[in-house]
1. Taking θ as phi - 60°, what are the ³J(HN,Hα) couplings along segment 20-30 by the Karplus curve (6.51, -1.76, 1.60), each to the nearest whole Hz, with x for Gly and Pro?
2. What are the chymotrypsin sites (Phe, Trp or Tyr not before Pro) within segment 76-143 that DSSP puts in a loop, where the Cβ has at most 10 other Cβ atoms within 10 Å?
3. From the phi of every residue in segment 61-76, what ³J(HN,Hα) in whole Hz does the Karplus formula 6.51 cos²θ - 1.76 cosθ + 1.60 yield, where θ is phi - 60° and glycine or proline is x?
4. Quick one: give the max-minus-min coordinate of the C-alpha atoms of segment 90-143 along each principal axis, largest first, in Å.
5. Which trypsin sites (Lys or Arg not before Pro) from segment 37-143 combine a DSSP loop assignment with at most 15 other Cβ atoms within 10 Å?
6. Grab the other residues whose beta carbon is less than 15 angstrom from that of Ile17, score K and R as +1, D and E as -1, and report the net.
7. Once you charge only the Cβ atoms, +1 for Lys and Arg and -1 for Asp and Glu, what is the size of the charge dipole of segment 4-111 about its Cα centre, to the nearest 20 debye?
8. For Phe80, list long-range residues whose amide hydrogen, built 1.01 Å from N in the peptide plane, is under 5 Å from its own amide hydrogen.
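Read the figures in this text as sums done on the coordinates, not as results from a lab. Keep in mind that this is a model prediction, so the values were computed, not measured. Neighbour counts are summed over all protein chains in view; Cβ atoms, including those assigned to glycine, are modelled from backbone coordinates with ideal geometry.
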Amino acid sequence: MDCIFCDIIKKEAPSEIIYEDEDIIAFLDINPINYGHLLVLTKQHYDNFLTVPEDMLHKLISRVQFLAGIVKRATSADGFNTMSNNGVAAGQRIFHFHFHIIPRFENDFKFNLISKSYNENELKTISAKMKEFIEIYSGQLNG
Ligand code: AMP
Ligand code: ZN
């Protein structure tokens, strides 16, 4: 399987690695939204957020928290976004799951998202559907 992030992990492709341990690696995004934009991922290849095993996800999110602090300090950012894109519709381009950490500065830019509003029926319909699926899938929850 062709995966540029797996190549980076194997040191078969160049990248500016900032952090790595047994399971996790972080390197600079090659096309940063702001300088210092970091990608954090598991060394094991998982396609998206839903397929990362829970123990790995715990370690990954712990490193994302640590590295977000590092990004903020190193760039003197006023804030940061942590985000992940999952699926083509959500803008995912590399199908090796990763979190983005994007340093943010006062008035640098706005994500141009247009919010909707609900009427009561729409709100209750989607809410009921989610609760129905929680009933079905809650057996998968640990802890
Ligand atoms: P996503 O759209 O969430 O899948 O994000 C993929 C990200 O990977 C983009 O922000 C790209 O700029 C970044 N990217 C792609 N190739 C490389 C690379 N070789 N080294 C570092 N970052 C990369
Ligand atoms: Zn991969």
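1. Using θ = phi - 60°, the values come out as 7, 9, 3, 10, 10, 9, 9, 9, 5, 5, 5 Hz.
2. Sparse-neighbourhood loop chymotrypsin sites (Phe, Trp or Tyr not before Pro): Phe109, Phe111.
3. 5, 5, 6, 4, 5, 4, 6, 4, x, 5, 4, 4, 5, 5, 9, 6
4. Principal extents (Cα only, largest first): 41, 33, 24 Å.
5. Filter output for segment 37-143: Arg93, Lys110, Lys116.
6. Surrounding charge for Ile17 is -4.
7. In debye, rounded to 20, segment 4-111 gives about 200.
8. Residues meeting the criterion, in which the H sits 1.01 Å from N, are Arg104.
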